[in-house]
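Here the structure is laid out as structure tokens; the discussion comes afterwards.
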Amino acid sequence: MKIYLAGPDVFRPDVLAWAESARELCLRYGFKPLLPIDHGEDEPERIFQANIAMIRKAQIVVANLDPFRGSEPDSGTAFELGYALALGKKICGYVTRLDTLAKRVEIAHGQCALPAPGAPLTDGQGMLIENFNLPCNLMLAIPSHIVEGGLEACLQAIRARPAIA
């Protein structure tokens, strides 16, 4: 079974070492890894097309949903999950900690406010914060099977729950 690995890990300074480790983990659990860095493209349009082609080949998209440059997952990762879902692929994710979105906003921005009893939770700009006790926006959390831990924990969950795969 082919698994496309989505997430901001492609921006890590140690991306090649990370990729090798991720490949080894996938193979250990019986999956064929498809990593966005493997196609070798370096032009924006070609990167996009190559990533789309890899998602089409995969049966499952596994995503790092840790906050990236803010309180939510990487926007490219969110797109990839949505695209995979639209294609009927299984989508799974992992987070280092299963904090709620409200906690993530508090950590990233240093503030969340519950101005009055029963009032909605807001951020420092007065914008409402989804307060469903989910680890990210409901549009990612509801269709995704999200586990706490890293890539290996996610692969273990997929193997343990055949309905995911």
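What follows is calculated from the coordinates using simple rules that are stated; it is not laboratory data. On a predicted model such as this, the values are computed, not experimentally measured, just so you know.
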(request) For Cα extents along the principal axes in Å, several values are listed as [x] 51, 38, 29; [y] 45, 37, 29; [z] 44, 33, 31; flag the one computed from this structure. (result) [x]
(request) Mind pulling the angle between the C-alpha long axis of helix 75-86 and the longest principal axis of the chain? Nearest 10 degrees, somewhere in 0 to 90. (result) 70
(message) Can you compute the helix-only [θ] at 222 nm over the chain? Use -39500 (n - 2.57) per DSSP H run of at least 4 residues, normalise by all residues, nearest 500 deg cm²/dmol.
(response) -11500 deg cm²/dmol
